[in-house]
Amino acid sequence: MRDEDALREAAEIARARAGDTGAFAALVCRYQDRVFGFVLRMIGVREEAMELTQDVFLKAWTALPDWRPEARLSTWLLQIARNAALDVLRRRERVGFTALEALAEVADTAPGPDENYAGRQRQGRLIDALAQIAPEHREILLLREIEDLSYAELGATLGLSEGTVKSRLARARAALLARYRPFAGDADD
Amino acid sequence: MTETCLDLETLSALVDGALTTTAEREARAHVACCPACGLRLNEMRQLSEDFHVLPTPPLGFDLGARIETRLPSRPAPRRHLWGGWSSLVALAGAAAALVLGLRLGMSLVSDDVGREATTPVVLAMSVFDAVPPGNLCPRPDACFLARVSR
């Protein structure tokens, strides 16, 4: 983030903490896609992810006075989103239902104007494979690979030591690679 | 170069650039000569690259504008008169220390306050030494054991 953006964000956070809803709306606008993308890939169902994203920001509004500048706002929001997504997954587990049906839908959001068919297929396979691994592996991969969190930030977000972050990340990659071989399926497509 | 293949953690940390300088140099030297480790490392790197080209699915509407009117009002930030709990604890500690000090002081002074008000007798002094400590005795008979056993 550029210095100018960082200063603007810091001012918005300060105003939002003081109760300025307009400043908070600006923060929501800045982070809504990142939070939504993470939640969607965690739980797989678009409508549910939209509702959950809204819940995440409502929770963030309530908890904002307790936010400490030592954590980046984005990391803090992702932590709230992660907890909310895990709650949804636990509820699903209790009622014996998995929402993997939505994976194709997630993949459908992928294509851009200049992406080729093979690329889209590959992205679809990656998202499919991602949904098949354990949530604890999925979350750490999303936070590391897409959100670019450092090992220290991963530890803080997931409540793990850096040593555990390292080993869990390695196991998550191995689990995903066991289901996703980027080149293996291209010949069949 | 290490002879045995690198474990998953090392390869994964190598992808993330999370190894120490020495460990990274050794791992790279091994990977350069070990096709199996080279293959696994390439797979992890490719995986990482594939993640980075995944598009971010947009939410598709301005959530901020939508929830702005629904945000519950928040009470003004709490301001503690004495600086919060830590100050209260310190205050309570100071009060306790004061009370304890007073009680200890009173225990050193004869309980016959009305009679000895002008010349308090320090009974505890004779406990430390049977020999009267000279001018520390407020009164000659205050420094004898017989007086303590009363």
message: For region A:53-83 and region A:1-39, what is the centre-to-centre distance using only Cα atoms, to the nearest Å?
response: 11
Cβ-placed point charges (K, R +1; D, E -1), dipole of region A:1-96 about Cα centre in debye, nearest 20: 320
- prompt: Picking from A:ILE43, A:PHE57, A:ALA71, whose Cα lies most toward the positive end of the charge dipole for region A:1-96 (charges on Cβ: Lys, Arg +1; Asp, Glu -1)?
  reply: A:ILE43
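The numbers here are math on the coordinates, done by the rules we state, and not lab data. On a predicted model such as this, the values are computed, not experimentally measured, just so you know. Cβ sites come from the backbone with ideal geometry, for glycine too, and all protein chains shown count toward neighbours.
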